[in-house]
Amino acid sequence: MNKIGIIQGRLSARPWPKLQEFPWDTWEKEFLYAAESGYDFIEWIFEETGYEVNPIWTMEGRKRIKKVAEETGVPVGSVCADYFLEKPFYRRKGYSLKEHIGMLKELIQKTAETGADTILLPVLENAEIRCDEDTAILTEAVGSVIPTLEACGVYLGFETELPAHRYLELVTAFGSPYVGAYYDAGNCAFCGHDMRDDMEVLKGHVLNIHVKDRKRGGESVPLGTGDTNFAEGIPFLMGNGFTGNFVMQTWFGEDHLGEAKKNLRYIKKLSGDL
């Protein structure tokens, strides 16, 4: 059954001028706000800054996460591993590939301990693939953690801005159901990709959808005001057996709670009122 979640930070005051960061002071309150707003789960942010004390990284922190999830009825459903956006597997400075693979394995294990079952691995911006060597390194790294994914029951989804056919090549290179696409609708629209056309190519391999609207070549904008083809993309996806989840990573302003509720209604309408 499809569920609708929201990434951390969208239920707290925006950290202007940034759009997203781990909500250090309000992460516990966000579980309550998610429940009150009607969301099914939270997507956790794991970034490089302060990662050693990020609650998901410590035993006491994970206990606290599970306690808050139980109290509110809102679990952690997935983890956005922005750590690997800031420190990709290639173009490394100050760390080895072996060490980095170890970080990913450890995150997989800790993700499973929280009860979440999906990790988003960014392959864009600073972590974009720029040459065949990058592809080879990424394939080696992810291929080496598949046994850990299988043992923990955790899926890994690539978020990338590659054209759909190259996106498909990347996610199918491993021959594993534990590796797939974590499609960011807004980022792909930014690059000029059409969601409906992309879903035609990627259907059957999409784990989750990041819900975001953007103008082509522009910034994030409120849902329904950008160039993301939600109107055709989401119904097509639902009509072709999509079993994954939708995760709000939307633009928001001062009224973060009001906009979170409005955005939830928008996606429920397009997806057939999940």
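The values are calculated or read from the model by the stated rules, or taken from the named source; none is laboratory data. Quantities reported herein were computed from a predicted structural model and do not represent experimental measurements. Virtual Cβ from ideal backbone geometry, glycine too; neighbours counted across all protein chains shown. Protein only, heavy atoms only, side chains kept; ligands, DNA and RNA dropped before computing areas. Shrake-Rupley method; radii C 1.70, N 1.55, O 1.52, S 1.80 Å.
Structural remarks
- Normalised by residue count, the chain yields a Cα convex hull volume of 122 Å³ per residue.
- Carbon/sulfur fraction of accessible area - the range 76-233, other protein chains in place, 1.4 Å, %: 46 percent
- Under 19 Å from Lys203, Cα to Cα: aspartates and glutamates that are on another chain or at least 8 residues apart: Glu159, Glu161, Glu169, Asp184, Asp194, Glu232
- Dipole magnitude of the chain, debye to nearest 20 (Cβ charges: Lys/Arg +1, Asp/Glu -1, about Cα centre): 320 debye
- For Lys212, Lys18, the ranking by accessible surface with the largest value first comes to Lys18, Lys212, using a 1.4 Å probe.
- Relative contact order computed over the range 40-118 (Cα-Cα under 8 Å; 6+ residues apart), in percent: 40 percent
- Nearest-20 debye value, the range 10-92 charge dipole, Cβ charges on Lys, Arg, Asp, Glu: 220 debye
- When only Cα pairs below 8 angstrom with a gap of at least 6 residues are kept, the chain shows a relative contact order of 19 percent.
- The residue list Leu19, Ala116, Ala136 was ranked by how far each Cα lies along the charge dipole of the chain toward its positive end, using unit charges on Cβ atoms, and Ala116 comes out on top.
- Paired Rg and Dmax values of the range 122-271, which use every Cα atom, in angstrom: 15.7, 45
- Less than 5 angstrom separates the built amide H of Ile45 from those of Gln8, Cys80, all sequence-distant by 5 or more or on a different chain.
- The distance separating the Cα centre of the range 8-41 from that of the range 53-92 comes to 14 Å.
- At 1.567 mPa s and 4 °C, Stokes diffusion of the range 169-217 via Kirkwood alpha-carbon radius, µm² per second: 114 µm²/s
- DSSP bridge pairs, the chain: antiparallel proportion in percent, nearest 5: 5 percent
- Normalised per residue, the accessible area of the chain is 43 Å², obtained with a 1.4 Å probe and no contribution from ligands, DNA or RNA.
- Helical mean residue ellipticity (222 nm; -39500 (n - 2.57) per DSSP H run of 4+; nearest 500) of the chain: -13000 deg cm²/dmol
- Each of Ile56, Pro222, Gly5 was placed along the dipole of the chain (beta-carbon charges, centred on the mean Cα), and the one lying farthest toward the positive end is Gly5.
- Applying a DSSP loop filter and a limit of 16 other Cβ atoms within 10 Å to the GluC sites (Glu not before Pro) in the range 22-130 leaves Glu48, Glu128.
- Of the chymotrypsin sites (Phe, Trp or Tyr not before Pro) in the range 75-139, those whose Cβ has at most 16 other Cβ within 10 Å and which sit in DSSP loop: Tyr95
- Student exercise, the range 162-261 dipole from Lys, Arg, Asp, Glu Cβ charges, in Debye to nearest 20: 180 debye
- For the range 1-63: rounded, prolate or oblate by the Cα gyration tensor [a/c cutoff 1.5]: oblate
- Partner lysines for Lys105 [C-alpha distance under 23 Å; skip if fewer than 8 residues away on the same chain]: Lys63, Lys66, Lys87, Lys93
- At most 12 other Cβ within 10 Å, DSSP loop - chymotrypsin sites (Phe, Trp or Tyr not before Pro), the range 109-184: none
- Over all Cα atoms in the range 32-176, the spread is summed up by Rg and Dmax: 15.7, 47 Å.
- Radius 13 Å from Cβ of Ala112, net charge of other residues (Lys, Arg +1; Asp, Glu -1): 0
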